[in-house]
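Here is the structure we will look at, set down as structure tokens.
Each value in this text was obtained by applying a stated rule to the coordinates, not by laboratory testing. Keep in mind that this is a model prediction, so the values were computed, not measured. Neighbour counts run over all protein chains shown; Cβ positions are idealised from the backbone, glycine included.
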Amino acid sequence: MKSVVMIAYDFPPEGHAGVYRPLRFVRHLPLFDWQPTVISAGGTEFARYDPGLLTQIPATIDVIRPTLRLDWWQRFQQRRAQRARVAPTSRPDGTVAAGVAPRQNRARAVARAFVRRAEACWYQPDMQAGWIQPAVDAVRQVCARQRPDVIWVTGPPWSSFIAAAKASEQTGVPYVLDFRTSWTIVPSPSEALRPRWLQKRDRRVLRRLLQNAQAVTFFYHAEAECFWRMYSGALDASRIHVIPNGFDGDIEAVAPRETRKLTALYTGTLSDYRYDTFLAAVALFVARHPECAEHLAVKFVGEQQPEFIAQLEELGLRRVVSVHPPMPHAEVLALQTTVDVLLMLERTPVHKGYELLAGAKLFGYMKAGRPILGVVPAHGEAARILREVGVSTIADAESVEEICGVLERLFKAWRHHDLDSLAPVRAACARYSSTAQTQALVRALEGAPAQQPFVPGSMDIVPSLRSDVALATRG
């Protein structure tokens with residue numbers, strides 16, 4: 001059996017969206033004769049604590065958790081955050097549902113912005129820089145016991161990429177880079193605060209990482225095209241693998257049922273997602289069809305923003321839209337099987353590269369086997385994937401009228417007991433199964449060409465990134 005060291009900074013019991021990709025691979029790689037060892041960050045602070053996910057890690061998998069080395073400033077900020085946490089609500093399973101934070105006054109907001117900019121400039125390549133050396137040491141310890149065939153690393157955080165490259169240099173074990181977001185191309189809020197000279201430094205660092213990697217995996221061909229052009233000469237097309245997110249297990253069987261309400265569900269964060277046009281469309285639907293209001297329910301489960309709550313109040317949607325705190329992953333999956341429609345939202349168009357994004361929840365929705373209402377950018381990856389799996393209930397996130405029209409179509413299908421006809425095509429969804437995704441990963445781990453080769457120049461650069469990619473290509 002071949003072996004792989006998998007560097008995944010976030011891993012159960014962390015429960016945010018970035019955890020599920022490495023967890024799926026860890027669960028399925030042994031089926032392809034690969035034995036993983038996981039290097040993950042130790043500690044007790046979690047963005048979304050979900051201890052139930054620990055039961056999904058096979059007992060045969062070693063998980064090594066070196067502790068992030070915090071400097072005095074990070075320790076101070078950690079203690080401060082613990083004291084300032086807003087009225088957390090303990091759940092029976094141990095998870096914590098955060099309250100809605102109050103708005104900051106102007107002086108505090110200015111001070112916070114200054115601190116965030118200073119942190120963005122000081123910590124390179126990110127706030128997890130203290131994780132690099134402990135992760136390198138952990139990989140070397142694994143190699144001393146039994147030399148692995150390859151190191152696989154997923155980012156963000158990008159400090160993990162640097163740790164993998166350093167460990168590879170010291171042990172001679174090749175590494176594979178897995179991009180969950182587009183570092184240096186689609187900047188995070190922290191990266192956007194950096195001066196141009198530091199952004200250029202990041203690009204120099206990433207160029208070296210790409211040049212020395214055995215293979216590089218991206219979510220989508222359009223994303224790979226951006227990197228191919230921006231980092232011309234750093235990548236061979238044969239080393240590029242396109243492996244989207246996916247879902248674990250079989251697609252749920254949906255039995256016909258009669259319900260008193262058409263119930264739609266959205267799960268996850270809303271912090272930078274485009275929800276305003278959807279809420280406006282729900283208000284328009286209710287205004288046009290007041291007799292239908294008592295038969296429509298929309299549930300939002302996850303962290304909420306004050307602006308979201310304010311818009312609900314302003315539009316008078318409290319009788320139709322309900323808000324619920326975050327819940328463990330197992331409960332979310334169970335809840336998805338009790339509703340009629342699953343709501344997919346995406347980032348706002350003010351974000352560069354928003355067209356490249358398709359949230360991980362989309363693939364969990366496929367597994368649920370229910371109709372999906374996609375309120376997404378018309379020409380983005382989320383819309384492309386939805387069309388690919390046979391979903392026709394897609395509306396441009398910019399058009400309230402179009403969203404309302406899709407709601408009317410869903411309501412009509414529900415009244416006629418015909419919602420099943422709007423569900424994704426099960427056979428088309430199968431290419432996003434964990435088995436298919438892991439099979440594609442194995443080729444990258446083995447240094448073999450991808451089953452579906454990346455063809456440079458076959459995709460256009462998405463509109464929001466064209467000027468940035470062109471500028472970077474020139475110099």
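General observations
- Axis of helix 106-122 versus longest Cα principal axis of the chain: the two differ by about 30°, to the nearest ten degrees.
- Applying the Karplus relation 6.51 cos²θ - 1.76 cosθ + 1.60 with θ = phi - 60° to the stretch 71-83 yields 3J(HN,Hα) values of 7, 4, 5, 5, 5, 4, 5, 5, 5, 5, 5, 5, 6 Hz, where x marks Gly and Pro.
- Cα gyration tensor shape of the stretch 262-430, rounded if a/c is under 1.5, else prolate or oblate by comparing a/b with b/c: rounded
- The chain: angle of helix 132-145 to the longest principal axis, Cα-based, in degrees nearest 10: 70
- Sequence of 39, 162 once ranked by neighbouring C-beta atoms within 10 Å, starting from the fewest: 162, 39
- DSSP-defined beta bridges in the stretch 262-430 - what % are antiparallel, rounded to 5: 5
- Of all aspartates and glutamates in the structure, those lying under 19 Å Cα to Cα from residue 412, and not within fewer than 8 positions of it along the same chain, are 258, 291, 294, 340, 401, 402, 420.
- Between the amide H of residue 376 and those of 395, 397, distances stay under 5 Å, these residues lying 5 or more places away or on another chain, with hydrogens modeled in the peptide plane.
- Rounded to the nearest 10 degrees, the inclination of helix 221-230 to the longest alpha-carbon principal axis of the chain is 40 degrees.
- Under-5 Å amide H pairs with residue 37, H placed in peptide plane, nonlocal only: 4, 5, 6
- Length-normalised contact order for the stretch 262-430 - Cα pairs under 8 Å, 6+ apart - percent: 24
- DSSP beta bridges fully contained in the chain are about 10 percent antiparallel.
- Estimated vicinal HN-Hα couplings, Hz - the stretch 258-272 in sequence order (Karplus 6.51, -1.76, 1.60; Gly, Pro = x): 10, 10, 7, 9, 7, 10, 10, 10, 10, 10, x, 6, 10, 3, 10
- Ranked by the mean number of other Cβ atoms within 10 Å per residue, highest first, peptides 352-360, 289-297, 430-438, 123-131 order as 352-360, 123-131, 430-438, 289-297.
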